[in-house]
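K.L.:
I have a structure here, written as structure tokens, and I will follow up with some questions on it.
The values are calculated or read from the model by the stated rules, or taken from the named source; none is laboratory data. A quick note: this is a predicted structure, and the numbers were derived from the prediction, not measured. We place every Cβ from the backbone using ideal geometry, glycine too, and count neighbours over all the protein chains shown. These area figures cover heavy atoms from the full protein model, side chains too; ligands, DNA and RNA do not enter into them. Shrake-Rupley method; radii C 1.70, N 1.55, O 1.52, S 1.80 Å.
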Amino acid sequence: MLITRSIGYLAAALVLAADCTLHAQENPPAQPQFKGELIYLRDYGTDDIAYLVVPEQPPACGIVIVPDGYGIDAEIKKQADALSRKGYLVLVADLYNGAVTPNPQQADRMIADLMEKSVLASLKTSVNFFQTSPRFKVDKVAMVAVGGTASHVAKFVLKKDSGLTSVVFLEPPALPAQELLDGIRCPAQFLAGPDCRIESTVRAALVQNKSASIEIRDVPAGPNGRKGMGSKEWTAAEEFIRRGLTQEKKENILQKLFD
């Protein structure tokens, strides 16, 4: 009798386990829901894709996000969606041919494998999208460089035809030398993490306010060591971009008054 009862319990347990497995297959874990969509940019200069998020109100400006070596993953989509809710038209550039990784070492390799000429062309295409798209054209375009993309974005910003109103660098590995900082043609903010390399001459020049359009702020390391993923950093970046738009608007009003 005891043996029969034990066999009955075992059979019931197996049926319950099978039912739970079937239920789990029928109801897989919910995936994050994002506002944006992947689009092709082949009409704007290169055969790239990008993640585009459209705000519900007329945009204050366009923002190009240049993601670190993790690619266009859930974290960067979350930040792009958050910026769109604040009234920005956001485009996340894909520099990695659709590749996405959660592995920090692989992310570093993806950054190291980037070809500068190709990156600069992709950044120009992203800005062209905002400047010439019949449906999404905006007058003002800002750029946010995450982590290891800083060196490429800095070279892009040095170009006369970058078309940017401001640029933010989230936890760059290093700040450019002073002569490069002086050549940046739009307001720039550097949110420097604990391991950011900054030359003493650059620090001194910034303290003495020799680079009035350059702002540097020290920030703690991102969560789990992921560069540029702290919510406070993105808030600071958005505030800097919005501040630049407000300042430019005031200058335009004053110019009209005195013309």
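K.L.:
Quickly work out the residue 73-to-residue 103 label distance, labels modelled 7 Å from Cα along the C-beta direction, and quote it in nm with one decimal.
P.N.:
So the label points at residue 103 and residue 73 sit 1.2 nm apart.
K.L.:
If you don't mind, there's one more thing I want to ask. Tell me, what is the 1.4 Å probe accessible area of residue 238, in Å² to the nearest 10?
P.N.:
Roughly 20 Å² of residue 238 is accessible to a 1.4 Å probe.
K.L.:
Based on the Cβ-Cβ distance of residue 40 and residue 198, what FRET efficiency does E = 1/(1 + (r/R0)^6) give at R0 = 45 Å, to the nearest 0.05?
P.N.:
Efficiency computed from Cβ-Cβ geometry: 0.70.
K.L.:
Right, here's the next one. Given a 1.4 Å probe and the protein chains all in place, what does the accessible area of residue 86 round to, in Å² to the nearest 10?
P.N.:
90 Å²
K.L.:
Could you give the length gained on full extension between residue 117 and residue 136, defined as 0.36 nm per residue of separation minus the Cα-Cα distance, in nm?
P.N.:
4.2 nm
K.L.:
So for 239, 233, what's the accessible-area order with a 1.4 Å probe, most first?
P.N.:
Heavy-atom accessible area, descending, gives 239, 233.
K.L.:
If you don't mind, another one. So, taking all protein chains as they sit and a 1.4 Å probe, how much accessible area belongs to residue 166, in Å² rounded to tens?
P.N.:
The accessible area comes out at roughly 10 Å².
K.L.:
Which one, 202, 147, 126, is farthest towards the positive end of the dipole of the range 115-215 when Lys and Arg carry +1 and Asp and Glu -1 on their Cβ?
P.N.:
The one lying farthest along the dipole's positive direction is 126.
K.L.:
Shifting gears a bit: Convex hull volume of the Cα atoms in the range 139-185, per residue, in Å³?
P.N.:
62 Å³
K.L.:
While we're looking at this one, here's another question. Taking amide H positions as placed 1.01 Å from N in the peptide plane, with prolines and chain starts having none, which residues 5 or more places from residue 189, or on another chain, fall under 5 Å of its amide H?
P.N.:
167, 168, 169, 215
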